[in-house]
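The values are calculated or read from the model by the stated rules, or taken from the named source; none is laboratory data. Given the structure is predicted, the values throughout are model-derived calculations rather than measurements. Cβ placement follows ideal geometry from the backbone for every residue including glycine, while neighbour counts extend to all protein chains displayed.
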Amino acid sequence: MIVSVRGLRFTYPGGIDALEGLDLDVPEGGRLAILGPNGAGKTTLLMHLNGTLRPSGGEVWLEGRPVVYDRRSLTRWRATVGLVLQDPDDQLFAGNVYQDVSFGPLNLGLTEREVKDRVEEALAAMRIADLARRPIHMLSFGQRKRVAIAGVLAMKPRVLALDEPTGGLDTHGVAHLLSALGHLVEGGTTIVYTTHDVDLACAWSDTVALFHQGRVIGRGRPEDVLADGGLLRLAHLRLPLALDVGLRARELGLIAADAPLPRSRSQVADLLAQIAGHTPPSRPAHHASDDAPIHAESATG
Amino acid sequence: MHLIDRLAHTNRWTDRHPGEKLLLGGGLLLLSVVLPPVPGAVLILTAAAAAAVFGARTPVADYCRVLALPAAFLISGGIVLALSVRLDGAGPAVTWSPAGAMTAIEVSLRALAATASLLLMILTTPLTDLLGLLRRARVPAEIVDITLLVYRFIMVVVDAAERGRISQASRMGYSGFRHSLRSAGLLAAALLPRCLDRAARMENGLAARAYGGDLRVLSPPSILSVRFLVGALMLEGLIVAASLGWTAIGSAG
């Protein structure tokens, strides 16, 4: 486990309990989706994963050791676990894109030469190299979001924690973002993200942790956790569309009772083709959809 | 504020090395102080405006709008300089003399030329580049950091205020004088806690990137163009030569 939390409690000033004895393990590699309705404590948990918040009770473990909250340990911790906030304006402060992205790596004490390489690499990874000299306030929301991620990426964290990464992005923006993040996963980065979008969590994750009122109430493969009607009702979430179609097909005997369930939009299309007796057609290269861009397919298998 | 900022980021010289623009704009500024205003200031004013409009391709209308405000101040100041008020004799009287008028014209021209030189720099150089120059000039990091944050937050606050105003206006908040006063007051009162909250969240955001009390950033690299530097020096040399030549002819004749 690269990061674990045990019995985590957190009470906001004013007595609002956000986390009530929460356990969660983040395994190295792959994508962990933290899924839950608004106000379930997802963001609060994320802020504990890199030491932004200190728990009122319980422990956080980093690479097998309980964390220490002194300044030097925190710097090392934040170089390991990068956190991208939901609102990019909470994170971007510099005058232009290049400068803002250089902030994190400079804080790690790298040389200017290394920082320059990292900035260029991060800008390329988020596909915003052409915006390098643009001032922050002249960027669209989607662009600012990508700059915020690039700023954390430039620190080369082993774990990238993102709060609602797709929130406020259009279909194209989501496809773009997931594709870039997919490349990172292939490179070995661990991704942890929060969302309340069941279809996204179903299509684009290896593990799902279901959140409800400051606790994890279910955890496992998305096709198992998200097909559990009882858990979903408890968490005030609905069945993902792809699983809904798959389960209905099983019920109707269109596919075998133990046939794998589709998880994404394109897998649903393939399932329909299979039922109709066609072999799945090859997909166009730039097929973007709201719940599962084509890039997610190669990783979900 | 927004206009100047937008122009600074969208002109043809935006990506030029700030040192080049410092040599041109700063050089013209220096000349406007040391050369006699006639014809020095006239030449400088022409050169600075031409550089901004033809060199950096600042739209003429925008350039005039930016220059209009300081120009209005300078010209009205010049008029006051040309006049003198006499309080002796039979009541107060406003008079003017040709010598006073000459001084007023000279002072106004000099000030206008200096303003145009400064504007040439401001309109072609993004603020972050100017701050980079300050940093290189060994201005304390704290001052540069605070300037940068103030700049960024002005944009954030202006944005928040604009969104709030739209939201109020779409709920009839600005129909009539009384409503407008009330809405503007409410908006101003709401902005303070909102900005404090935003500042607190930004602190979290910076902490997530291992902020250690020092807002150091790296600027994108830009290369000094020798051609531009030589061109700027030649232009300035030309202005000096023309000004000296004019003075020499004037004293000979």
*Consider A:Ala249 carefully, then state whether it is crowded, with 17+ Cβ neighbours inside 10 Å, in a helix (DSSP H, G or I) and touching a His at 6+ places or on another chain (Cβ under 9 Å).*
no
*Of the residues that sit in the stretch A:13-50 and are of a type outside the set (Val, Ile, Thr) and without any contact (Cβ under 8 Å) to a residue 24 or more places away in the chain, which one is surrounded by the most Cβ atoms within 10 Å (Cβ to Cβ)?*
A:Gly39
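Residues checked against (1) more than 14 Å from chain A (Cβ to nearest Cβ); (2) buried (at least 17 other Cβ atoms within 10 Å of the Cβ); (3) among the hydroxyl-bearing types (Ser, Thr, Tyr):
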residue	(1), (2), (3)
B:Arg178	yes, no, no
B:Leu181	yes, no, no
B:Ala190	yes, no, no
B:Pro193	yes, no, no
B:Gly205	no, yes, no
B:Tyr211	no, yes, yes
B:Ser225	yes, no, yes
B:Phe228	yes, yes, no
*Looking at the stretch A:78-98, which of its residues are modelled with pLDDT of 90 or more, surrounded by fewer than 24 Cβ atoms within 10 Å (Cβ to Cβ) and within 7 Å of chain B (Cβ to nearest Cβ)?*
none
*Which numbered condition trips up A:Ser73, out of (1) touching a residue at least 40 places away in the same chain (Cβ under 8 Å); (2) more than 11 Å from chain B (Cβ to nearest Cβ); (3) farther than 30 Å from A:Val208 by Cβ?*
(1)
*Answer from B:Leu148, B:Leu187 - the residue that is within 24 Å of A:Asp90 (Cα to Cα) and at pLDDT below 90*: B:Leu148
*asked:* Of the residues A:Arg118, A:Arg146, only one is crowded, with 24+ Cβ neighbours inside 10 Å, more than 7 Å from chain B (Cβ to nearest Cβ) and free of Cβ contacts under 8 Å to residues at least 60 places away in the same chain; which?
replied: A:Arg146
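One line per residue, one yes/no per condition, for (1) charged (D, E, K, R); (2) farther than 21 Å from A:Asp90 by Cα; (3) not in a loop (DSSP other than H, G, I, E, B):
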| position | (1), (2), (3) |
| --- | --- |
| A:Gly167 | no, no, no |
| A:Val174 | no, no, yes |
| A:Leu177 | no, no, yes |
| A:His183 | no, yes, yes |
| A:Val192 | no, no, yes |
| A:Cys202 | no, yes, yes |
*Name the residues in the stretch A:104-115 that are facing chain B (nearest Cβ under 8 Å) and without any contact (Cβ under 8 Å) to a residue 12 or more places away in the chain, would you?*
A:Leu106, A:Glu112
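Here is a yes/no grid of residues against (1) closer than 23 Å to B:Ala241 by Cα; (2) within 13 Å of the chain's Cα centre (by Cα):
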| position | (1), (2) |
| --- | --- |
| B:Gly40 | yes, no |
| B:Ala50 | yes, no |
| B:Leu67 | no, yes |
| B:Gly91 | no, no |
| B:Gly100 | no, no |
| B:Thr124 | no, yes |
*asked:* Looking only at residues that are over 18 Å from A:Gly95 (Cβ atoms) and part of a loop (DSSP other than H, G, I, E, B) in the stretch A:121-140, which one is nearest to the other protein chains (Cβ to nearest Cβ)?
replied: A:Met126
*Residue count, the stretch A:51-69 (criterion: exposed (fewer than 14 other Cβ atoms within 10 Å of the Cβ) and closer than 24 Å to A:Tyr12 by Cβ)*: 7
*Which condition number in (1) within 12 Å of another protein chain (Cβ to nearest Cβ); (2) more than 20 Å from the chain's Cα centre (by Cα); (3) hydrophobic (A, V, I, L, M, F, W, C) is the one that A:Met47 fails?*
(2)
*Going by the structure shown, is B:Arg171 assigned to a loop (DSSP other than H, G, I, E, B) and under 29 Å from A:Leu110 (Cα atoms)?*
no
_Every residue from the stretch A:149-198 that is of a type in the set (Ser, Thr, Tyr) and surrounded by 24 or more Cβ atoms within 10 Å (Cβ to Cβ)_ = A:Tyr193, A:Thr194
*Given the conditions (1) closer than 29 Å to B:Arg194 by Cα; (2) facing another protein chain (nearest Cβ under 7 Å); (3) not small (Gly, Ala, Ser), which single one is not true for A:Val101?*
(2)
*What pairs come up if the first residue lies in the stretch B:87-102 and is touching a residue at least 60 places away in the same chain (Cβ under 8 Å), the second is surrounded by 11 or more Cβ atoms within 10 Å (Cβ to Cβ) and basic (Lys, Arg), and their beta carbons are under 8 Å apart, counting only those six or more places apart or on different chains?*
none
*asked:* B:Val217 - would you say it is modelled with pLDDT under 90, outside any helix (DSSP H, G or I), surrounded by 13 or more Cβ atoms within 10 Å (Cβ to Cβ) and among the β-branched types (Val, Ile, Thr)?
replied: yes
*Report whether or not B:Val217 is in contact with a Ser or Thr (Cβ under 8 Å, 6 or more places away or on another chain) and either more than 9 Å from chain A (Cβ to nearest Cβ) or among the hydrophobic types (A, V, I, L, M, F, W, C) (or both).*
yes
